[in-house]
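Below: one structure, written as structure tokens.
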Ligand code: PRP
């Protein structure tokens with residue numbers, strides 16, 4: 001019987017790009033393009049079963065083996081540190097994690113820096129390396145509001161085009177780390193379905209190499 005790989009795809013814009021790469025790699029699934037509310041799509045012949053999940057949940061599905069492989073942003077992998085194999089940088093979903101503040105912000109190193117973020121661990125690690133005392137204010141969205149309303153001095157957040165910052169009179173102070181989408185695998189699946197996973201990974205790798 002052919003091995004079927006369970007693949008967790010991140011819902012949204014990034015997911016569409018990821019799906020296109022998997023299709024080009026030889027793992028199409030026509031039913032996924034029919035508009036309905038279904039969440040799971042299978043192509044037995046190609047040996048794939050796709051399902052859409054919230055981008056920030058992909059790593060959980062893969063870590064716990066509900067998915068054999070998946071695609072997650074490096075931001076999620078750094079923040080949650082899931083116990084998975086990171087197989088490949090897909091070179092899409094590129095953006096950066098950055099510190100940003102109001103355009104007129106001047107840092108006073110003698111004061112504890114108030115940092116608003118959804119990525120508490122990334123922010124804590126970043127400032128710990130600098131030996132800087134910070135007070136983390138964990139938010140779940142609309143992070144850019146924090147410095148505007150003086151809830152924080154700076155934010156640590158994803159910057160893609162820079163439009164959100166610009167439209168709110170904020171600017172990047174420094175880059176924390178570049179981010180892109182990564183192919184990840186469950187550790188047990190990598191052992192038991194290794195051949196099938198390696199075949200997909202190799203094919204995706206060729207696509208990333210062709211575009212760089
Ligand atoms: C992300 C991020 C920024 C924005 C950056 O938010 O938190 O707000 O995108 O993109 P830009 O540089 O192209 O403007 P997202 O849309 O994911 O929603 P969120 O507020 O829930 O984080």
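Considering only residues that are more than 10 Å from the ligand (Cβ to nearest atom) and either at pLDDT below 95 or in contact with a helix residue (DSSP H, G or I) (Cβ under 8 Å, 6 or more places away or on another chain) (or both), which ones fall in the stretch 139-155?
151, 152, 153, 154
Taking the conditions exactly as written (more than 15 Å from the ligand (Cβ to nearest atom), touching a helix residue (DSSP H, G or I) at 6+ places or on another chain (Cβ under 9 Å) and farther than 29 Å from residue 69 by Cα), does residue 136 satisfy them or not?
Yes; evaluated as a whole, the condition is true for this residue.
Every residue in the stretch 13-30 that is within 24 Å of residue 65 (Cβ to Cβ) and either surrounded by fewer than 13 Cβ atoms within 10 Å (Cβ to Cβ) or more than 20 Å from the chain's Cα centre (by Cα) (or both), please.
Once the filter is applied, which keeps residues that are within 24 Å of residue 65 (Cβ to Cβ) and either surrounded by fewer than 13 Cβ atoms within 10 Å (Cβ to Cβ) or more than 20 Å from the chain's Cα centre (by Cα) (or both), the stretch 13-30 yields 25, 27, 29.
So, of the residues in the stretch 157-169 that are within 10 Å of the ligand (Cβ to nearest atom) and in contact with a helix residue (DSSP H, G or I) (Cβ under 9 Å, 6 or more places away or on another chain), which turns out to be farthest from residue 71 (Cα to Cα)?
In this case the residue turns out to be 168.
Looking at 210, 199, 185, which one is more than 16 Å from the ligand (Cβ to nearest atom), at pLDDT 95 or above, out of contact with any strand residue (DSSP E or B) (no Cβ under 8 Å at 6 or more places or on another chain) and within 30 Å of residue 19 (Cβ to Cβ)?
That would be 199, the only listed residue that is more than 16 Å from the ligand (Cβ to nearest atom), at pLDDT 95 or above, out of contact with any strand residue (DSSP E or B) (no Cβ under 8 Å at 6 or more places or on another chain) and within 30 Å of residue 19 (Cβ to Cβ).
Just to be sure I understand, how many residues within the stretch 126-163 are without any contact (Cβ under 8 Å) to a residue 60 or more places away in the chain, part of a strand (DSSP E or B) and within 12 Å of residue 99 (Cβ to Cβ)?
Residues flagged as without any contact (Cβ under 8 Å) to a residue 60 or more places away in the chain, part of a strand (DSSP E or B) and within 12 Å of residue 99 (Cβ to Cβ) within the stretch 126-163 amount to 4.
I'm trying to understand the selection: among the residues of the stretch 100-124, which are away from the ligand (no atom under 16 Å from the Cβ) and touching a strand residue (DSSP E or B) at 6+ places or on another chain (Cβ under 9 Å)?
105, 107, 112, 113, 114, 124
The values are calculated or read from the model by the stated rules, or taken from the named source; none is laboratory data. Nothing here was measured: the structure is a model prediction, and the numbers come from that model. Neighbour counts run over all protein chains shown; Cβ positions are idealised from the backbone, glycine included.
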